[in-house]
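Accompanying notes for the structure given below.
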Amino acid sequence: MSSITGITENSPHILVLGMGGTIAGLAFNPEDSPLQYEAGQVGVEELVGHIQSAVPEGVKLVSYQLANINSRNLTDAHLTALGTAVREALLDAVVKGVVITHGTDTIEETGLFLQATCGKLAQTQAKRVILTGAMLPSNAPGADGPSNLLDALRWASTAIDNCPGGIYAVMDGRGCMAMDLAKRHATALNAPLQNSPSSSVGLINPSWLSGVKAVQAAWNEDLPIPQENEWPWVEILTSHAGARAETVAQWLKSDVRGLVVAGSGLGGLHDAWVEPLDKAMAQGIALVRTTRTGAGRILPNIPEADASGCRAASALTAPRARIALQLALNAAKQANLAGKPLTWQDFFARIADLPEIR
Ligand code: SIN
């Protein structure tokens with residue numbers, strides 16, 4: 001029996017974990033104003049009930065509500081609970097795959113988190129973990145949640161030789177690695193993966209699949225899941241015209257452990273931030289530099305040489321780099337306690353330097 005969910009089902013099944021989001025949302029006046037709604041209102045059992053008749057024969061579903069929130073309110077504690085439940089499910093012989101219904105606003109963070117903490121386990125256990133969500137609330141005309149959930153369930157229960165075990169996401173008929181999610185549109189039905197390397201879920205694209213296998217071959221070891229109260233505090237700052245030194249300087253008085261700076265263009269920072277950021281690094285605050293453009297790889301020492309406490313984020317967007325830095329700081333702390341002289345940069349590199357799928 002899983003200690004997180006307390007589920008006692010002994011026959012093979014797909015576990016559906018509910019986190020909330022628009023897929024579980026209700027509009028107040030769905031016909032006239034479908035985008036005026038509250039996320040996280042419908043239980044995961046009810047969502048599964050709506051599509052049960054279309055689930056392939058012989059596939060048993062067991063659902064569990066881990067949270068029912070608007071994902072903009074996602075906390076470190078939610079991620080600890082989700083990661084722990086996914087790891088338990090992957091180790092449980094009767095769970096054949098996991099589907100997670102989630103809000104799309106921060107699905108990007110959860111995707112990176114699950115890849116970094118459960119990706120290897122999913123691969124070695126030959127099980128798929130599939131995140132999905134919706135852009136329209138569950139009672140809106142043409143709601144996209146039911147078809148997304150059905151696609152995710154079908155894919156989670158498809159024979160593994162079609163595509164290896166791992167952490168994936170499904171939206172609008174397409175699948176991607178969950179670490180490639182990035183919501184880049186406010187309303188489009190494919191918003192969380194429209195700019196991500198992806199494949200049709202019905203017919204897996206061989207070129208995408210070979211990219212997935214290259215990433216998985218390079219991903220050797222999952223990072224530890226931080227305990228609920230042990231997540232290092234990491235913030236995102238965005239460089240912009242008119243930036244002021246005080247914006248950075250105020251963090252020097254806080255307990256922040258890391259800063260992700262979304263620079264302009266190639267990841268360059270406003271001159272006003274150079275001195276306070278040097279002070280931050282001298283104080284032991286970890287610094288990661290990415291770009292506010294939302295796409296492209298940030299390289300070390302471009303456009304200027306990086307200080308030794310600063311690391312370029314490669315292709316990680318700011319939200320993903322923030323989670324990666326939290327996990328890297330925590331992993332380095334655990335390694336040091338075990339007598340291993342590894343740094344946060346060593347762990348961050350494992351995530352940031354993975355091959356890119358084209
Ligand atoms: C949320 O992220 O919970 C709300 C938005 C969405 O799911 O699309």
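Laid out as a table, the results:
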quantity	calculated
Rg and Dmax of the chain, Cα atoms only, in Å	20.4, 63
Rounded to 5, the percent of DSSP beta bridges in the range 73-214 classed as antiparallel	40 percent
q = 0.18, 0.22, 0.23 Å⁻¹, the range 151-205: log10 I(q)/I(0) [Debye, one scatterer per Cα]	-0.55, -0.79, -0.86
Antiparallel %, DSSP beta bridges [both residues in the chain], to 5	20 percent
Projected label distance in nm at Asp278 and Ala188, using a 7 Å step from Cα toward the beta-carbon	4.2 nm
For the range 13-165, fraction of C-alpha pairs farther apart than 21 Å, in %	41 percent
Electrostatic dipole magnitude of the chain [Cβ: Lys, Arg +1; Asp, Glu -1; Cα centre; debye, to 20]	720 debye
Ellipticity estimate at 222 nm from DSSP helix runs (n ≥ 4, -39,500 (n - 2.57)) divided over the chain, nearest 500	-9500 deg cm²/dmol
Share, in percent, of DSSP beta bridges within the range 1-120 that are antiparallel, nearest 5	15 percent
Separation of the Thr124 and Ala349 label points, Cα + 7 Å toward Cβ, nm	2.3 nm
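None of the figures in this text is laboratory data; all of them are computed from the coordinates on show. The structure presented is a predicted model; accordingly, all values stated were derived computationally and were not measured. With ideal geometry, Cβ positions are generated from the backbone for all residues, glycine too; neighbour counts draw on all protein chains shown.
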